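Peer 1: Take this structure, written in structure tokens, and hold onto it; I'll ask about it next.
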Amino acid sequence: MDVSGKKALVFGGTSGIGLATTQQLVKLGAHVIALGRDESKATALPSSATFKQCDVRDRDALQSLFSESGPFDILVSAATGGSRAIGKFSDMDMDGYMASFDKLWGYANVVRYGLDHLSEHGCIVLVSGSPARRCGPGQVALSSVGGAVEALSRAVAKEISPRRINVMSPGLIDTPMVPLQGQERAAHYERLTGNNLIARAGTADECAQGVIFLIQNDFVTGTTLDVDGGILLS
Ligand SMILES: NC(=O)c1ccc[n+]([C@@H]2O[C@H](COP(=O)([O-])OP(=O)(O)OC[C@H]3O[C@@H](n4cnc5c(N)ncnc54)[C@H](OP(=O)(O)O)[C@@H]3O)[C@@H](O)[C@H]2O)c1
């Protein structure tokens, strides 16, 4: 797909991986609408991108938004959705576990209602995460949700061809999702990535390059691209 002149919607496009994707799409000449709940994050957007407020869990709002914004060629969701339950499954608060699935419900809503307005040769990219296929202790919720996102994408791919859907799976990436600052932040990433094949946190830009590849390559569908510094082998 030649991205230039195409219309793209990026959910979670105001921060981290979604913001980097918005920036790279704009550089390639796409018309980008970045979506999120908090309008104050829109200040980070490139001047030619448009911000629209939306919570991916609100199905009515999503349907209205798609009706007023469609048709479009590119649909990306990197929206984290809600909370993430971390901790031993035997001690798990089940409300917290279920709430982690807001990410899946958000993605499912975006795909389900976005498809009605996605152009004939359009494509979708979702974002999972390395715990889907290699999870450490305490990551049962992350693994369950990530695995479901990848399964959703593979299953939908069969129904929508020749339109395409793929997943980009990040490893540990330095984004605002982790609220730590300074030395504490550096120590956090050092501790969690020190034994990886590429022993550092990835950047949002490196992940966005993966998303752009999945958009541009017309022969790729129903797959997951790992941008994770080799964490699956570490
Ligand atoms: N960073 C990592 O290490 C890592 C690792 C594995 C997987 N991932 C996955 O990668 C994706 C992007 O993460 P990130 O690190 O880039 O996070 P981030 O910097 O926190 O950005 C998250 C974006 O999603 C938006 N968002 C969150 N909940 C939303 C909702 N309910 N409705 C609409 N927008 C919503 C946020 O804006 P508002 O808050 O304003 O809505 C923000 O724009 C997520 O799916 C995350 O699970 C990240």
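The values are calculated or read from the model by the stated rules, or taken from the named source; none is laboratory data. All values reported here derive from a predicted model rather than from experimental measurement. So basically every Cβ, Gly included, is an ideal-geometry build from the backbone, and we count neighbours across all protein chains shown. In case anyone asks, the SASA skips ligands and DNA or RNA and just uses the protein heavy atoms, side chains included. Shrake-Rupley method; radii C 1.70, N 1.55, O 1.52, S 1.80 Å.
Peer 1: In the Gaussian network model of the chain, springs joining C-alpha atoms below 10 Å, which of Ile198, Ile212, Ile124 carries the largest mean-square fluctuation?
Peer 2: Highest fluctuation among the options: Ile198.
Peer 1: Using unit Cβ charges (K, R positive; D, E negative) and no other charged atoms, how large, in debye to the nearest 20, is the dipole of the chain about its Cα centre?
Peer 2: Here the size comes out at about 240 debye.
Peer 1: Relative to the Cα centre, what is the charge dipole magnitude of the range 22-92, using +1 at the beta carbon of each Lys and Arg, -1 at the beta carbon of each Asp and Glu, and rounding to the nearest 20 debye?
Peer 2: Magnitude of the dipole: close to 240 debye.
Peer 1: Charges only on Cβ, +1 for Lys and Arg, -1 for Asp and Glu: so what's the dipole of the range 61-184 about the Cα centre, in debye to the nearest 20?
Peer 2: Dipole of the range 61-184, to the nearest 20 debye: 420 debye.
Peer 1: What are the ³J(HN,Hα) values, in whole Hz, obtained from phi via the Karplus relation 6.51 cos²θ - 1.76 cosθ + 1.60 with θ = phi - 60°, for each residue of the range 214-222 in sequence order, with x given for Gly and Pro?
Peer 2: Result, ordered by residue: 5, 6, 6, 8, 5, 9, 10, 8, x Hz.
Peer 1: Right, here's the next one. For the range 7-229, what's the relative contact order in percent, using C-alpha pairs closer than 8 Å and at least 6 residues apart?
Peer 2: Reported relative contact order: 20 percent.
Peer 1: Would you pull out the residues with amide H under 5 Å of Leu172's amide H, same chain only if 5 or more places away, H placed 1.01 Å from N?
Peer 2: Under 5 Å from the amide H of Leu172: Gly202.
Peer 1: Quote the FRET efficiency, to the nearest 0.05, computed for Gln209 versus Ser67 with a Förster distance R0 of 41 Å and r equal to the Cβ-Cβ distance.
Peer 2: 0.80
Peer 1: On to the next question. Under a GNM of the chain (C-alpha, springs under 10 Å), which listed residue has the highest mean-square fluctuation: Pro162, Pro137, Pro71?
Peer 2: Pro137
Peer 1: Assuming 1.306 mPa s and 10 °C, estimate D for the range 35-155 with Stokes-Einstein, Rh taken as the Kirkwood radius over Cα pairs, in µm²/s.
Peer 2: Here the translational diffusion coefficient equals 102 µm²/s.
Peer 1: Additional query: Can you give the extra length, in nm with one decimal, that the chain gains between Val178 and Lys27 once fully stretched, where that is 0.36 nm per residue apart less the Cα-Cα distance?
Peer 2: Roughly 51.7 nm would be gained on extension.
Peer 1: What lysines does Lys41 reach when the alpha-carbon gap must be under 30 Å and sequence neighbours fewer than 8 apart in one chain are set aside?
Peer 2: Lys41 reaches Lys6, Lys7, Lys27, Lys52, Lys103.
Peer 1: Report ³J(HN,Hα) in whole Hz for each residue of the range 178-189, in order, from the Karplus equation J = 6.51 cos²θ - 1.76 cosθ + 1.60 where θ = phi - 60°; Gly and Pro get x.
Peer 2: 8, x, 6, 10, x, 4, 5, 5, 4, 5, 4, 5
Peer 1: With a 1.4 Å probe and every protein chain left in place, work out the accessible area per residue of the range 7-229 in Å², rounded to a whole number.
Peer 2: Value for the range 7-229: 48 Å² per residue.
Peer 1: Using θ = phi - 60° and the Karplus relation 6.51 cos²θ - 1.76 cosθ + 1.60, list the HN-Hα couplings for the range 2-11 in order, rounded to whole Hz, with x at every Gly or Pro.
Peer 2: Karplus values, whole Hz, x for Gly and Pro: 7, 6, 4, x, 7, 9, 10, 10, 10, 7.
Peer 1: Given a 1.4 Å probe and every protein chain left where it sits, what share in percent of the accessible area of the chain is carbon and sulfur?
Peer 2: Of all accessible area on the chain, carbon and sulfur atoms account for 52 percent.
Peer 1: Taking the radius of gyration and the Kirkwood hydrodynamic radius from Cα positions alone, what is the Rg/Rh ratio for the range 7-229, to two decimal places?
Peer 2: Value, to two decimals: 0.95.
Peer 1: Hey, another quick one. Most fluctuating residue of Phe11, Phe51, Phe89 in a GNM of the chain with Cα springs under 10 Å: which is it?
Peer 2: In the Gaussian network model the winner is Phe89.
Peer 1: Per-residue ellipticity at 222 nm for the chain, helices alone: DSSP H runs ≥ 4 residues times -39500 (n - 2.57), over residue total, nearest 500 deg cm²/dmol?
Peer 2: Rounded to the nearest 500, the figure is -12000 deg cm²/dmol.
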